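Everything on this sheet refers to the single structure shown next.
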Amino acid sequence: MEKIRERFKQSRSSSCEKVKLRKRSSVLYSTDDIQANTHGCVGVGIIVFTVGFRLLNCLLVQTSFVPDEYWQSLEISHRMVFNYGYETWEWKTGIRGYSYPLVFALMYKFLHLINYDTVQLLVFVPRVFQALLSACADVTLYRLILQWDTPDVAKWTFFCQLCSWFTWFCCTRTLTNTMETVLTTLALCFYPLPGSKMHSSWKYLSLVSLAVVVRPTALIVWIPLLFCHLCWEQNKLKFIALQCLPIAAFTLGISTLIDSFFYGKWTFVQWNFLKLNVLQNVAEVYGTHPWHWYVSQGLLVVIGPHLPFFIHGCSLSTKKHRILLITIIWTTVIYSLLAHKEFRFIYPLLPFCVIFCGMSLAKLQTWRKPAAVVLLVSNLIPALYTGLIHQRGTLDVMSDLQRLCDFNSSQTKPDVLVLMPCHSTPLYSHLHCPLKLRFLECPPDLTGNKHYVDEADMFFDDPVHWLKSFSSQQMLPTHLVMFDTLEKEISTFLLENRYAKQAEIFHTHFPEGRVGENIFIYVRGPEISTD
C-alpha cells in the first residue's frame, strides 16, 4: 500500500508541473497572446496585426461604392473648411447631420493650418482614420467573444471578421453606414449579453446614441437589444431615468447644437430624416425593391461565402445567443418593409453574423482547416476584385480632372460638365481647387407635383435637345465627362462643336443602364469666331 501511495503522490506532483506550449510563428497563436487570452485580454501582437491588416485594407480599396461615401461626408467637410462646393438637397432640407462630417472637417482644418492640405492627404487621411476605427472594432469584438465564449470560438470569429469580403470592401470607406457599424460593434461589446463580463451600460448607451446621431436608422438594430436589457433590469425606472434618458438627451442635445450652428437656425435632423424618408417615402425616388430582397439577395451578398457557416452556427446557438438571432431577424424584417433597399443598410448586422460563423468553424474538427482555406480564398477573390477593379473609373477620372487646377492665366479657364447619373463622382474633396464644375442634379420633388422630372432624367430622355440649351458657343463647357454609353447618342453634337476625346478610363466590367464600361473625357477645341 505504501508503494501505491508513493506512486499516486508522484503522479499528482507531475500533473501540476507547468506544461510548456509549443511556440508558433503565427501572430494569432503567439505565446504572449495565449497568456493574455487566459485573462480575457487581447495581446499586443493581435492589436498590431489588426491595425496593420486594416491599413493594408485601406490601401487596397481604390474603387467607389455609392455616392453617399463622399456626398454625406467628405464633400460636406470640404465645404465646411474651404467654403466652396455644392450643397445638395439633403443639406438644404436639413435631413443630414453635421456631426459626422465635422470629424473630417477638423482633420481638414488641421492639415490646412500646417500647410499640408494636399488633395492626396484630404482623400487619404479620413480613410486611414476609418480603418483605425474598424481595427478597434475588430479587436474589441475578439475580446468580447474571448471572455463570453471559448477561446476557440473567439479565434475563429476573429478570423471570419477579418476575411469577410464585404467588411473589407466597406470598413475603410467614409460612409455613415461604416461608422454606424463600428459604433454598433463597439456598443455590442459593452452590452449585457448573458454571461458577458464586459458589461457597461454607460459605455454601450453612449455608443448607441452616437450611432443614432450619425445615422438615425441605427436605432432599428438596437430596439430588441434595448428592450431585452430593460426586461432584465430589476429597477427599470432607475435604468431609464438615470441612464437612458440622460445619455440620449445629452448626445442629441450636442448634435442639435452642432446642426443648428451650421444650418444657421434651429434644426432637429433626426425628425427631418424620419419625416422625409419614412413618412413621405422620399427615398423611393432612388429605387425600390420587392419585400423579400434582403432575404433573397441582400443577406446572401453581404454574408457572402460565410453563409453556410452562418446557417450551421445558427443551428448550434444556445439560449445566450438568442438575442443576437432575434436582432438579425428583427432588423431584416423592418428593413424589408421599406421600399428603398441597399446592401449597405444591413452592413451593421455583419458582426452579429460572424459570431455564428466562428461558432461553426470552432465546432468543426476534421474539416476545419480545409473549410477555413476555402472560406479565405472565396472571400479574397471578390475582396480584391471589388476593391481594386470594379467601379474605379469614377475616382480615376478625378485624378485626370485635378490637372486642370494648374491652368495658366493665358489659357481658357476650364469649365467641366459631368454628363453622368447624378453624384456619380466626388467633386471638390477630390479636386481641392475652385474649378468651375457642374453635374446633372436629381433632387426629389417635395411639392407633390406628379409631373416633376429631375434634371438628370430630363437629360437622358433627350440628351441632344438638352445640350441645345447652351445658347451660344461661348457658353459651352470646355470639358465633358461621360460614360461610353452616351457617346454614340451625342456624337453629332460633339462633332459640330469640335469636341475631341482626351482620355478613356476603365470603370467596370459590368455596365448597366446609364453606367458604361468606360468613362470618356472630351475637350473642346478652339472656339469658333462669331460676328
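Quick note: the coordinates plus some simple rules give every number you see, no bench work behind them. Every value quoted in this text rests on a predicted model; they were computed, and no experiment measured them. In this analysis, Cβ positions are derived from the backbone assuming ideal geometry, glycine residues included, and neighbour counts consider all displayed protein chains.
In nm², what is the average projected area of the convex hull enclosing the Cα atoms of the stretch 409-519? Each step should come with its number before you reach the end.
Details: hull surface 35.9 nm².
Reported value for the Cα convex hull: 9.0 nm².
The stretch 225-300 to the stretch 144-159: how many Å between their Cα centroids?
31 Å
Taking the stretch 287-330 on its own, what percent of its Cα-Cα pair distances exceed 16 Å?
Details: 450 of 946 pairs.
Tail of P(r) above 16 Å: 48 percent of Cα pairs.
Return the inverse of the average 1/r over all pairs of distinct C-alpha atoms in the chain, which is the Kirkwood hydrodynamic radius, in Å to one decimal. All intermediate terms of the calculation are to be shown ahead of the outcome.
Working: mean 1/r = 0.0385 Å⁻¹.
By the Kirkwood definition, the hydrodynamic radius is 25.9 Å.
According to the square roots a ≥ b ≥ c of the eigenvalues of the Cα gyration tensor, what is the shape class of the stretch 72-141, taking rounded for a/c under 1.5, prolate for a/b larger than b/c otherwise, and oblate for the remainder?
On the way: a/c = 2.62, a/b = 1.23, b/c = 2.13.
Oblate, since a/c reaches 1.5 and b/c is not below a/b.
So how tilted is helix 393-402 from the main axis of the chain? Cα-based, degrees 0 to 90, rounded to 10.
60 degrees
Apply the a/c threshold of 1.5 to the C-alpha gyration tensor of the stretch 92-202 and tell me whether it is rounded, prolate or oblate. List each step's numbers first, then the result.
Working: a/c = 2.52, a/b = 1.90, b/c = 1.33.
It is prolate, given that a/c is not under 1.5 and a/b is the larger ratio.
Take the eigenvalues of the Cα gyration tensor for the stretch 204-337, scale each by 5, and report the square roots as semi-axes in whole Å, largest first. Walk me through the numbers on the way to the answer.
On the way: eigenvalues 180, 119, 27 Å².
They are 30, 24, 12 Å, listed largest first.
With n ≥ 4 as the cut-off for DSSP H runs, can you work out [θ] at 222 nm for the chain, using -39500 (n - 2.57) per run divided by the number of residues, rounded to the nearest 500? Could the numbers behind the result be given before it?
Values: 25 runs with 282 residues, N = 531.
-16000 deg cm²/dmol, from helical runs alone.
For a quick protection proxy, order the peptides 296-307, 148-159 by their average other-Cβ count within 10 Å, most packed first. Write down the numbers at each step before the final one.
Numbers: 296-307: 18.4, 148-159: 20.9.
My ranking of the peptides, most packed first, is 148-159, 296-307.
Which angle between 0 and 90 degrees, to the nearest 10, do you get for helix 44-59 versus the longest principal axis of the chain when only C-alpha atoms count?
So the inclination is approximately 20 degrees.
With all pairs of different alpha carbon atoms counted, what Kirkwood hydrodynamic radius in Å does the stretch 398-471 show?
Numbers: mean 1/r = 0.0694 Å⁻¹.
The answer is 14.4 Å.
If you build the Cα gyration tensor of the stretch 257-393 and take the root of 5 times each eigenvalue, what three semi-axes come out, in whole angstrom, biggest first?
Details: eigenvalues 244, 78, 48 Å².
Gyration-tensor ellipsoid for the stretch 257-393: 35, 20, 15 Å.
By how many degrees, between 0 and 90 and to the nearest 10, does the Cα long axis of helix 2-15 differ from the longest principal axis of the chain?
For 2-15 against the chain, the angle is about 10 degrees.
In units of 2.2 N^0.38 Å, what is the alpha-carbon radius of gyration of the stretch 149-268?
Details: Rg = 16.6 Å, N = 120, 2.2 N^0.38 = 13.6 Å.
Rg over 2.2 N^0.38 Å, computed on Cα atoms: 1.22.
Could you tell me the center-to-center distance, by alpha carbons, between the stretch 435-498 and the stretch 75-130 in angstrom?
One Cα centre to the other: 28 Å.
Of all alpha-carbon pairs in the stretch 313-381, indicate the percentage at a distance above 18 angstrom.
Details: 1193 of 2346 pairs.
When every Cα pair of the stretch 313-381 is considered, 51 percent fall beyond 18 Å.
State the Cα centre-to-centre distance between the stretch 306-322 and the stretch 378-418 in whole Å.
The stretch 306-322 and the stretch 378-418 have Cα centres spaced 43 Å from each other.
Send over the Kirkwood Rh of the stretch 226-296, from the inverse of the averaged 1/r over different Cα pairs, rounded to one decimal Å. Show your work: numbers first, answer last.
On the way: mean 1/r = 0.0641 Å⁻¹.
After inverting the mean inverse Cα-Cα distance, the result is 15.6 Å.
What number do you get for the stretch 258-323 when its Cα radius of gyration is normalised by 2.2 N^0.38 Å, N = residues? Mind dumping the intermediate values first?
Numbers: Rg = 19.4 Å, N = 66, 2.2 N^0.38 = 10.8 Å.
Rounded to two decimals, the normalised Rg is 1.80.
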